[in-house]
Amino acid sequence: MIKDLQDKIIKLKKERDICILAHSYMPEEICEVADFSGDSYALALKAKTAPQGTVIMCGVRFMAETVKMLSPQKKVILANPDAGCPMAEQFDKEVIEEVKKIYPDYAVVAYVNTTVELKTVADVCVTSSSAVKICKAIPQKNILFIPDINLGTYVKNQTPEKNFKLLSGGCPTHAKIEKSDALAAKEAHPNALFLVHPECRPEVVELADYVGSTSGIMDFAEKSDREEFIIGTENSIVQHLQFKRPEKKFYPLSKDLVCHNMKITTLPDVLNCIYGTGGEEIVLEEDLRVKAVKCIEKMIEYGG
Ligand code: 13P
Ligand code: SF4
């Protein structure tokens, strides 16, 4: 059944000039039909260079919006319209405008997990894999980092030469994980390296052997000469790694590390997008797009 759906999708996407992008949190069967899968930063870059006229984004809404902002001439479809990122909705543009009045000499650095509206008030965007590099590279010394306090704390600790103000947003999936969960996993698997996404709490990040984006974690585990790893991010990464390196052992940090928003996209959703009977085409008002894309372009300029 899965194989039949996959074969149909692969045949039709070629015939209809469609590029399928899948975030690393998508299940294995969706990554297998994608032209490219990876972390948020890599997806943003791929979106710009993909030659196809239509892009189906298997991920969450802000990812599809980023593709549309960078490639307005393309038809961009979010595979499941209900797939949102709760963190992206945590602050309204008006709230950030008020905070900017309090800190007028601070550059607004926005995690890419934000709405299009919020991006219009940001000076530069970052992803988990590019945040440290970009915060070091921008000329401003004062940084108002929004919305993720955990990623912001990690970047702040790596960038002592700059001044940071943080707001208290964050990812509900990663924030659920406590230091006691990390200590219990380390005790259960004493020979494993502990790999963590920077959306986790600082007291969890502190215990990590490696901190990085979804792709960063996968690269590290694949290339490492070690055999066992505790994976401190969404559990689909455990699944992908076990497929790629069956001889190694990968342990989820917690069975609760599941992003339900990332889990709702299915192969039938992808097929329905191709048939034109499902998904949601992303439409952005041009004025809004032009204002919001500036911080994404800055991200690519500084991120490389
Ligand atoms: P990455 O940029 O690491 O893929 O992270 C995106 C995300 O939403 C993590 O929760
Ligand atoms: Fe958003 Fe967290 Fe899900 Fe990533 S894991 S998409 S940050 S809710």
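Take the alpha carbon atoms of the chain, find their radius of gyration, then divide it by 2.2 N^0.38 Å using N residues; give the quotient. Kindly include the intermediate steps, with their values, before the conclusion.
Details: Rg = 19.1 Å, N = 304, 2.2 N^0.38 = 19.3 Å.
So the chain has a normalised radius of gyration of 0.99.
Rounded to whole Å, give me the distance from the Cα center of the stretch 222-259 to that of the stretch 127-149. Taking the Cα centre of the stretch 127-149 as reference, the centre of the stretch 222-259 is 28 Å away. Taken along the Cα-to-beta-carbon direction at a fixed 7 Å, the label points for residue 206 and residue 36 span 3.8 nm. Helix content alone sets the calculated 222 nm mean residue ellipticity of the chain: runs of n ≥ 4 DSSP H residues at -39500 (n - 2.57) each, divided across all residues, give -12500 deg cm²/dmol.
Any idea what diffusion coefficient the stretch 141-198 gets from Stokes-Einstein, in µm²/s, Kirkwood Rh on alpha carbon pairs, 37 °C, 0.692 mPa s?
Numbers: Rh = 13.1 Å.
My calculation gives 251 µm²/s for D.
Sorting the segments 51-59, 282-290 by their mean number of nearby beta carbons within 10 angstrom, highest to lowest, gives 51-59, 282-290. Annotation: amide H of residue 85 within the under-5 Å range of 61, 62, sequence separation 5 or more or interchain, hydrogens built in the peptide plane. DSSP beta bridges fully contained in the chain are about 5 percent antiparallel.
Backbone geometry of the stretch 147-160 corresponds, through the Karplus equation with coefficients 6.51, -1.76 and 1.60 at θ = phi - 60°, to 3J(HN,Hα) couplings of x, 8, 5, 6, 4, x, 5, 4, 5, 4, 5, 7, 10, x Hz, x marking Gly and Pro. One quarter of the surface of the convex hull around the alpha-carbon atoms of the stretch 163-280 equals 9.7 nm², the direction-averaged projected area. Excluding same-chain neighbours fewer than eight residues apart, the lysines reachable from residue 101 by a Cα-Cα span under 19 Å are 93, 119, 141, 165.
Net charge near residue 300, counting Lys/Arg +1 and Asp/Glu -1 over other residues with Cβ under 15 Å of its Cβ? Can you show the working numbers first?
On the way: positive: 46, 48, 119, 133, 294, 298; negative: 39, 123, 297, 301.
Here the count lands on +2.
Here the simple spin-label model places points 7 Å from the Cα toward Cβ, and for residue 16 and residue 140 these points are separated by 4.2 nm. The 3J(HN,Hα) values that the Karplus relation (6.51, -1.76, 1.60; θ = phi - 60°) gives for the stretch 57-71 are, in residue order, 9, 9, x, 10, 3, 4, 6, 5, 5, 4, 4, 5, 4, 7, 9 Hz. Gly and Pro appear as x.
With Rg and the Kirkwood Rh both taken from Cα atoms, where does Rg over Rh land for the stretch 42-186? List each step's numbers first, then the result.
Values: Rg = 16.4 Å, Rh = 16.4 Å.
Rg/Rh for the stretch 42-186 comes to 1.00.
One Cα centroid belongs to the stretch 268-288, the other to the stretch 170-216; the line between them spans 35 Å. Along the stretch 191-207 the Karplus relation, 6.51 cos²θ - 1.76 cosθ + 1.60 evaluated at θ = phi - 60°, assigns HN-Hα couplings of 8, 8, 7, 10, 10, 10, 7, x, 6, 6, 4, x, 6, 7, 4, 4, 8 Hz to successive residues, with x for each Gly and Pro. Comparing mean-square fluctuations of 267, 183, 195 from a GNM of the chain with C-alpha springs under 10 Å, the top value falls on 183. A crude spin-label estimate for the pair residue 99 and residue 244, with each label 7 Å from Cα along the Cβ direction, gives 3.3 nm. The length gained on full extension between residue 301 and residue 264, counted as 0.36 nm times the residue separation minus their Cα-Cα distance, comes to 10.0 nm.
Close amide H pairs (under 5 Å, H built 1.01 Å from N) link residue 36 with 20, 22, residues at least 5 positions away or on another chain. Near residue 55, the amide H atoms lying under 5 Å from its own belong to 19, 75, 76, 77; only residues 5 or more places off or on other chains count, and H is placed 1.01 Å from N.
On the beta carbon distance between residue 228 and residue 3, with R0 = 41 Å, the FRET formula returns roughly 0.85.
Since every read-out is calculated from the coordinates, none of them should be taken as a lab result. Every value quoted in this text rests on a predicted model; they were computed, and no experiment measured them. Because the Cβ atoms are built from the backbone with ideal geometry, glycine has one as well, and the counts that use them run over all protein chains shown.
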